[in-house]
1. Just from its helices, what would the mean residue ellipticity at 222 nm be for the chain, if runs of 4 or more DSSP H residues each count -39500 (n - 2.57) and the sum is divided by every residue, rounded to the nearest 500 deg cm²/dmol?
2. How long is the gain from Glu98 to Ile127 if the chain were fully straight, where each residue apart is worth 0.36 nm and the alpha carbon distance is subtracted?
3. Give me the lysines in straight-line cross-link reach of Lys169: C-alpha distance below 29 Å, same-chain residues under 8 apart excluded.
4. Going down the list Lys330/Lys493; Lys326/Lys384; Lys265/Lys384; Lys326/Lys493; Lys265/Lys326; Lys297/Lys384, which pairs span over 32 Å between their C-alpha atoms?
5. For region 278-342 and region 23-91, what is the separation of their C-alpha centers, rounded to whole Å?
6. Which value, in debye to the nearest 20, gives the size of the charge dipole of the chain about its Cα centre, when Lys and Arg are +1 and Asp and Glu are -1 at the Cβ?
7. For Thr221 and Ile179, what is the calculated FRET efficiency with R₀ set at 25 Å and r taken between the beta-carbons, to the nearest 0.05?
8. When the Karplus curve 6.51 cos²θ - 1.76 cosθ + 1.60 is applied with θ = phi - 60°, which whole-Hz ³J(HN,Hα) does each residue of region 234-251 get, with x for Gly and Pro?
Amino acid sequence: MDPTLVDRYCPGAHSAPVTAAVYDAQSGAVVTADEWGTVAITRPGERFPGIVFDMGSPVRGAVAIVTGGSLVAVGDDAGTVAVCNTWDGACVFEDVREGAVGEARAMRALAFNPTGTVLAALSVDGIIRIFDIQRWDRVANYQGFSGESLFFDATGERLLAMDTLGQPKLLDLLSHEQIDLEMVPGGVRSALFTPDFRKVITMGQGGISILELPSGRIENTFTARGSSGMHAIVIHPDGLELGAVTGRSVHRFALPGLEAVGSDKHGAANPTGASYWDDRGVVVGGSDGMLHRPNTKQSLEPIICVSGFGEHRVAAHGNRLAVWEKNHQKRPFKSPKRFIEVKIDRDGRLVAGLPDDNTGVCLFEARTGRFLFDAGIETANTPKMEVGGAIFASMFGRGRGIRWYDLRANNTFELPWAQTFALSGSGTWLAVVTPQGTIRVLDPTNGQDVMPPPEPLADCPVTLMSFVNRAPNLIVLDEEGVLSVYDLTESVKQSIPALGSDVLELNVQVDRLWGITGGRHAALRFQEPEDGTATIIFVDLARGEVFSEVTGLLPYAWVDPETGNIVQPARGRAILDMDMMGREDRVLRALPEGEWVAFNATGVLDRSEGFEE
């Protein structure tokens, strides 16, 4: 399982709620998993996850690490249990059930015995299954259990679990007896041993209880009055403190007396209960796919959307926008909205954002983050917006009509009849399609025609257009799927209609078109509804043929008109650049606590001051 480029320097491999996390204090290894089934393993000695894979089904609490960090186990909602080594990620044990049979035993907790030869698995059907990993065999089943946790004792002969009433039990695997502990009022959801195995700590909705062993008597309790709800408990690696994770904070208690030590906001807006305590403190998993630590600098949220042009990239992290110039991230700035689409011009001066709340497009200065204006409610849900030079243009949300702004002269223009448009990268020309399906090329500073309308190539309306970056060429696609190109040079010089030429005919529903610097290549995007993905094809305009087809992209993947690179979000708050053949080219990543790094296959290109490899 060698990591791909996007997996390097990736502390947050999750794009869905983090639903499982475990830490091995002896080795420092960490395993996290999420609601989509992505599993990330940080091996001993590593700062970032070195192994990332997908289980194929959600993982909810069922992860474990053997003491020493050499093996990890993962169980998912499909009932699959897998054990892999942390050296290269190779699977050393697997137990699979297909279809409804597997779903009926969706896994909720796993535990290794101290030697790593036996694995216990708790599933939603209330059965604890005991697997001999070395023999690839299930050796026992125990029914009548519930809860969210499993732990072996120091000998590996007893298992700490909860019965169907939520009461902690010790299951003796040699005698097959259940040893009762003192009943905890209200029941518990999870229970764990202290590192010295002399006590059991339980957590329920009502609070925390400490039970002494071997008597099983309750020694101390803490009742959670007025808290925001208890999600998890974690123990300091030295066993001297306990952390209780609530909806807002981490409350720390001294052990064994449960004296309050302190309380800190953990920063997770919606904690999931996936938590652990490592040598840097408590880590809390959130529904935002991030791992949060108390008393740290604010981290950017996962990326919603990205775009790019030339040396510039822009990413929307929730309500914050991060602009990159070459390989350097500028200081992110707050916006009044959360955006589902963003654009930046090729000079890196303006950023446009389409809000997710059905309001008008917002425009910002890219260098300062200063909010300039709202383009009006008519631009809400616009199907197309572009920025070039001092010009910003947007279709109306109803899909017909265009409004554009000349920011240099502070003028606004509208064409209510325009069917679609294209703006040149410099903002010099604005092409619009008339209700008759023909093309007009305008000067966006005054709305006047700069040349005669190009000669139609067929009696068929034009549906998509794109200027070729840094060239006087216009690429068009008509209603019948014919891709054509116009050279506008002589038209603008001699005031004669431009003559175009057909390139090729497509039999797919293209939703986006780009003309790439040099005029040799064009890129076209179409959706794959069955898979929920997009495909981008690259066309050689001179030869009239497709020379590359990149599949499995995000539906909103973008093409940089300057380079032809595909740009899309990637896990771990990253912007991924791929070349025209779909090969990973560069990653720009926002790291926790305000740090960042840019890198490619050869190494780090640039980094923030606090970045550590």
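1. Result for the chain: -500 deg cm²/dmol, rounded to the nearest 500.
2. Full-extension gain reported as 8.7 nm.
3. The qualifying lysines are Lys199.
4. Lys330/Lys493; Lys265/Lys384; Lys326/Lys493; Lys265/Lys326; Lys297/Lys384
5. 25 Å
6. Its charge dipole is roughly 1680 debye.
7. With R0 = 25 Å, the Cβ-Cβ based efficiency is 0.75.
8. Using θ = phi - 60°, the values come out as 9, 10, 4, x, 8, x, 9, 9, 10, x, 10, 8, 10, x, 10, 9, 10, 9 Hz.
Any read-out appearing in this document is the output of simple, stated calculations on the displayed coordinates, not a laboratory observation. Just so it is clear, the structure is predicted and the values come from calculations on it, not from any experiment. Glycine also receives a Cβ, built like all others from the backbone with ideal geometry; neighbour counts cover every protein chain displayed.
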